[in-house]
1. Find the residue count for the range 120-159, including only residues that are closer than 21 Å to Ala76 by Cα and assigned to a strand (DSSP E or B).
2. Given the criterion within 28 Å of Trp121 (Cβ to Cβ), modelled with pLDDT of 95 or more, among the small types (Gly, Ala, Ser) and out of contact with any Leu (no Cβ under 6 Å at 6 or more places or on another chain), identify the matching residue among Ala169, Ala222.
3. Scan the range 215-249 residue by residue and report those that are of a type outside the set (S, T, N, Q), in contact with a Ser or Thr (Cβ under 9 Å, 6 or more places away or on another chain) and within 30 Å of Phe154 (Cα to Cα).
4. Can Thr97 be described as closer than 17 Å to Val62 by Cβ and outside any strand (DSSP E or B)?
5. Would you mention how many residues in the range 196-218 are open to solvent by 60 Å² or more (accessible area, probe 1.4 Å), over 17 Å from Val262 (Cβ atoms) and not β-branched (Val, Ile, Thr)?
6. Does the range 217-236 hold any residues that are hydroxyl-bearing (Ser, Thr, Tyr), over 23 Å from the mean Cα position of the chain (by Cα) and in a helix (DSSP H, G or I), and which are they?
7. Among what's in the range 250-270 and is closer than 18 Å to Ala184 by Cα and not hydrophobic (A, V, I, L, M, F, W, C), pick the residue that is surrounded by the fewest Cβ atoms within 10 Å (Cβ to Cβ).
8. Count, please, the residues in the range 225-249 that happen to be open to solvent by less than 40 Å² (accessible area, probe 1.4 Å) and at pLDDT below 90.
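The values are calculated or read from the model by the stated rules, or taken from the named source; none is laboratory data. This structure is a prediction, so every number in the text was calculated from the model and none was measured. Cβ placement follows ideal geometry from the backbone for every residue including glycine, while neighbour counts extend to all protein chains displayed. Just the protein is used for accessible areas: all its heavy atoms, side chains included, with ligands, DNA and RNA removed. Shrake-Rupley method; radii C 1.70, N 1.55, O 1.52, S 1.80 Å.
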Amino acid sequence: MRGMSHGRAVGGVIAAVVIGALTGCAANGGTLGASGSSGATASPSATDTPVVTSVGAPLSGVGTNPPTPTDDARLAVPEGAHTVTLSFSCVGTGTYTVDIPDATPDRQAGLVGACGSTATWTWTVRPTSSPNVSVVVPDGATWTATPTYSSAVFTSDSSLSAVCAGFGAAQSAVMNAIEGYSTAHAFGLEQWKSRLDAAAAQFTQLAATAPANDATELNGYAAAVSAPQRTPEALRQAFFTNHLFPASTGLRDACAANQTPVQLTAEFGG
């Protein structure tokens, strides 16, 4: 799953559109939904059951002129399908967000990518369901999305899932240190420092077993929150305004694509 493309959430003027697709031609041994092929539920790791796929009609749009959402603007998931992969491209400047909210109710945000390249994203879907696909693109950008349905069952990378959970816990610890000291006034400066030191240790521990690119990212967070010159106001500014933890990074995007998004837990506030 780490081969999926990544990007950055859209800033500036955006347009949200809801798009839908119909199933199209078949590949890899049969047609989903066709007689005799219903109930085919192959796992990507299975060798005794062929994976059956069906490619839907390409979808396209322009950011400044989205179609009016209707009940027909939905994916038409064929019988026997358990996942859908969208091949998405965007022509323009900036980034996009794409998601199937009904398929991933626990995800905090959509999957993101950069216009000018093609990315593939996979979601779990229910056979014969008709979920909406949500796309957010820069103003004036054109986009194309092609759905491919599959009988294969999506399986998350368990080792990556553990890293994602740890990343969320460490980032939550930083947020709670900032909020507890600066907003809730729940503790003093010494506990603020000790909480941040503990968060930095979490990032460092995660980095010790992470792939090189992710380790660099995690070690960067550790250095930022444990810097000797840190001050409560400067760190708060970095966290909430200067994007100390960007909405899209290599690790965060990989977690989202793995269907194990980074989750934050607030200790203070509503």
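1. Within the range 120-159, the first condition is being closer than 21 Å to Ala76 by Cα, and the residues that meet it are 120-136, 143-154.
Subsequent filtering for residues that are assigned to a strand (DSSP E or B) retains 120-124, 133-136, 143-150.
The total comes to 17.
2. Unique residue meeting the criteria: Ala169.
3. Selection gives Ala215, Glu217, Leu218.
4. Numbers: closer than 17 Å to Val62 by Cβ: yes; outside any strand (DSSP E or B): no.
For Thr97, the condition - closer than 17 Å to Val62 by Cβ and outside any strand (DSSP E or B) - is not met.
5. 3
6. Hit for the range 217-236 is Ser226, nothing else.
7. Filtering the range 250-270 for residues closer than 18 Å to Ala184 by Cα gives 264-270.
Then drop every residue that is not not hydrophobic (A, V, I, L, M, F, W, C), which leaves 265, 267, 269-270.
On the way: Thr265: 11, Glu267: 14, Gly269: 10, Gly270: 3.
Step by step, filter the range 250-270, then rank; the result is Gly270.
8. Total satisfying the criteria: 3.
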